[in-house]
Amino acid sequence: MIDDKPPKLNPKGNIRGVNEALDALKESQPGTHGLVVYPDMPTIRAIYSLYSRILLEDSNEIVLILPYYETTDMVRLVLSGKNVYDDNSNNGSFVGYSGVYVSKYEREGSLIIKDSLIGHFGSHKEQKNDYQPSNNNNNKNMDLMAFLNVLIKHAERRQKDGVTVLSDMGSFYHNNGYDHHTQKLMSYEKTEPTRYVNRKLKWFCLYHQRDFERRFSQGQQATLLDYHRRNIMLVNAD
C-alpha cells in the first residue's frame, strides 16, 4: 500500500527542466487543459511559485491553486518568499524568490489557495473516514466547475485576462482503502475537454511522479496524456 504523502527527496532539482516547464506553461493558450508530472516538492514549488508570479503580475490573470501534498499556508509561504532548491549550503543549488504579494492578491480575489481535497470533494484532510468519492465525486466536480464559472465572470468584470488553475490530483487518493480511485480519476479527466472552447481558462492537473507511475499502467498513462492538450513531464529516473 502506498501512503498518501510523497517521500522526502533531495531538494536539488533539474533547473533546466524547471525553466523548460515554465516556458511551456507560458506558451499555453487560453482554453488549455494540461497535465504536469513533477518528481518532488521542490520542483513543483519552483514551477507554481514562478508561474503564479508571471500570471498575477505580467499576465493579469486570476490564479486558483489547489495543493494536496502541502498545506495552503505552505503555498502562501512559498509564493511570498524563498522557494526551492536550497540545500542550506548554497553549493551549486538554485535559490529563488518569487516575491508574490500574497495577501494583496488574496484580498482582491486574484489569488485563491484552497486544499485540493476541499476543492474537489468538499472534504478536509482530517475527515479521512468520511471521504467517499464514489458518492460525492460528480456533485463536487460540478461545484468546482460552478466556482470556476464565477471566477471567469469575476475576471471579465475586473478586466482580467483569464483564469488559471493549478490542481494537484493527489487528493483522489486521500483514502487508500478504495481500490477504484484510479478509475474514478480516469473518468474525471475524461469528462474534461482537452480544450475549453471560447473560455479564458487554463487548467493544469498536477501529478506527483510516484502517483503517476505506480498507480497507472502504461496504457492508462498514455490515455491520461491523450486527455490533455499539453503535457509537461519532469521526471527523475529510479
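Once backbone amide H atoms are built at 1.01 Å from N, L111 has V63, E106 as its partners under 5 Å, excluding neighbours fewer than 5 places away on the same chain. In this structure, the amide hydrogen of N231, modeled 1.01 Å from its nitrogen in the peptide plane, lies closer than 5 angstrom to those of L35, counting only residues at least 5 positions away or on a different chain. Spin-label point model (7 Å from Cα, Cβ direction): what's the D23 to L225 distance in nm? Label at D23, label at L225, 2.0 nm between them. For the residue pairs K114/K202; K153/K190; K153/K202; K26/K184; K153/K184, the C-alpha atoms sit more than 23 angstrom apart in K153/K190; K26/K184; K153/K184.
Phi angles of segment 206-211 translate, via the Karplus equation with coefficients 6.51, -1.76, 1.60 and θ = phi - 60°, into HN-Hα couplings of 9, 10, 5, 3, 5, 5 Hz per residue; Gly and Pro are given as x.
For a Förster distance of 25 Å, can you work out the FRET efficiency between the beta-carbons of S103 and V150, rounded to the nearest 0.05?
Values: r = 22 Å, r/R0 = 0.86.
Taking R0 as 25 Å, the efficiency between S103 and V150 is 0.70.
Relative contact order of segment 147-238, taken over Cα pairs closer than 8 Å and 6 or more residues apart, is 33 percent.
Coupling constants for segment 109-121 follow from the phi torsions by the Karplus curve (6.51 cos²θ - 1.76 cosθ + 1.60, θ = phi - 60°), and in residue order they are x, 8, 10, 10, 10, 9, 4, 4, 5, 6, x, 8, 10 Hz; glycine and proline get x. In terms of packing, defined here as the mean over residues of other Cβ atoms within 10 angstrom, the peptides 37-46, 202-211 line up highest first as 37-46, 202-211.
For a Förster distance of 22 Å, can you work out the FRET efficiency between the beta-carbons of R214 and K184, rounded to the nearest 0.05?
On the way: r = 17 Å, r/R0 = 0.75.
With R0 = 22 Å, the Cβ-Cβ based efficiency is 0.85.
Taking amide H as placed 1.01 Å from N in the peptide plane, the amide H of K202 sits under 5 Å from that of G31, V163, T164, V165, each at least 5 places away or on another chain.
Every number in this text was worked out from the coordinates using simple rules, so none of it is lab data. Predicted model only: the values in this text are computed from it and were never measured. We place every Cβ from the backbone using ideal geometry, glycine too, and count neighbours over all the protein chains shown.
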